[in-house]
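Peer 1: Encoded as structure tokens, here's the structure I'll be asking about.
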Amino acid sequence: MEFDTASGRAFLELPEGYALPDIDNLMHDARAILLHTVNLRTETRAAGIQISPIWEPHDGQAALRATIVPAEIEARHFEGKGMMALRNPEALTMIADVVEILADEPAVAAQALLVTASVWISKEAPIRPLGLPYKGHFKLLTLVIADFLRKIGAGFDELEWLTSIGLLSAYHNPDEDPPAEQVRASARDKTLQLVAEEEAWMAALMNKAE
């Protein structure tokens, strides 16, 4: 699927002319979203319901969809290395910075986050309003967080994650970091491994359901 600026904005639910909050407020929103989603997951898990961590708009409110994903994918998101990494304030600062960059390039952002969105979001799934006003950056922010958790949880380092979303050049320090081509090659290998792993988990889930 190819995106232009308009279709990228539509995919990200990012209003035309929307002004993002500053980095500190983006980080505050990220922390609040993570806490709210983890708490809601605890509630819904007891009822046997899985939830998508992507916050979407619904009648002016933020909302989450039900989802069906392999248990391994859910655990990697909510309990894996990525969630541990987010305890470091520098990781949240980087995520907020990434959101700022991608908001200015909605076509690039949509393309980079499409696969992670497809893991979690099914338009046919029931959606539950959270009783909170929707802010225009919520879907982009939660997609970036979900992409970070998905890939860091699968063994990517931060530079490899940034490479996977097309932002290596914005962060790479040639004096301190491994050569850019080495990072790109490693990110490609880990992406192929990640996709194969998730496909195998999904196939096993489908076989079990049948």
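The values are calculated or read from the model by the stated rules, or taken from the named source; none is laboratory data. Here the structure is a predicted model, which is why all the values come from computation and not from measurement. Because the Cβ atoms are built from the backbone with ideal geometry, glycine has one as well, and the counts that use them run over all protein chains shown. For the accessible areas, the whole protein counts, side chains as well, though only heavy atoms, and no ligand, DNA or RNA atoms are used. Shrake-Rupley method; radii C 1.70, N 1.55, O 1.52, S 1.80 Å.
Peer 1: Identify all residues within region 74-126 that are within 15 Å of Gly8 (Cβ to Cβ) and of a type in the set (Asp, Glu); write none if there are none.
Peer 2: Asp104, Glu105
Peer 1: In region 151-209, which residues are free of Cβ contacts under 8 Å to residues at least 40 places away in the same chain, in contact with a helix residue (DSSP H, G or I) (Cβ under 7 Å, 6 or more places away or on another chain) and of a type in the set (Gly, Ala, Ser)?
Peer 2: Once the filter is applied, which keeps residues that are free of Cβ contacts under 8 Å to residues at least 40 places away in the same chain, in contact with a helix residue (DSSP H, G or I) (Cβ under 7 Å, 6 or more places away or on another chain) and of a type in the set (Gly, Ala, Ser), region 151-209 yields Ala180, Ser186, Ala187.
Peer 1: Another question about this same structure. For Ala170, state whether it is of a type in the set (A, V, I, L, M), farther than 19 Å from Val119 by Cα, open to solvent by 60 Å² or more (accessible area, probe 1.4 Å) and assigned to a helix (DSSP H, G or I).
Peer 2: When the stated conditions are applied, Ala170 passes them.
Peer 1: Go through (1) within 18 Å of Gly131 (Cα to Cα); (2) in contact with a His (Cβ under 6 Å, 6 or more places away or on another chain) and name the single condition Leu20 misses.
Peer 2: Of (1) within 18 Å of Gly131 (Cα to Cα); (2) in contact with a His (Cβ under 6 Å, 6 or more places away or on another chain), only one is false for Leu20: (1).
Peer 1: In this structure, does Ala125 turn out to be aliphatic (A, V, I, L, M), open to solvent by 30 Å² or more (accessible area, probe 1.4 Å) and over 17 Å from the mean Cα position of the chain (by Cα)?
Peer 2: No, not satisfied.
Peer 1: Give the residue that is most open to solvent (accessible area, probe 1.4 Å), with candidates limited to residues of region 98-117 that are among the β-branched types (Val, Ile, Thr) and closer than 14 Å to Leu168 by Cβ.
Peer 2: Restricting to residues being among the β-branched types (Val, Ile, Thr) and closer than 14 Å to Leu168 by Cβ, the top hit is Val108.
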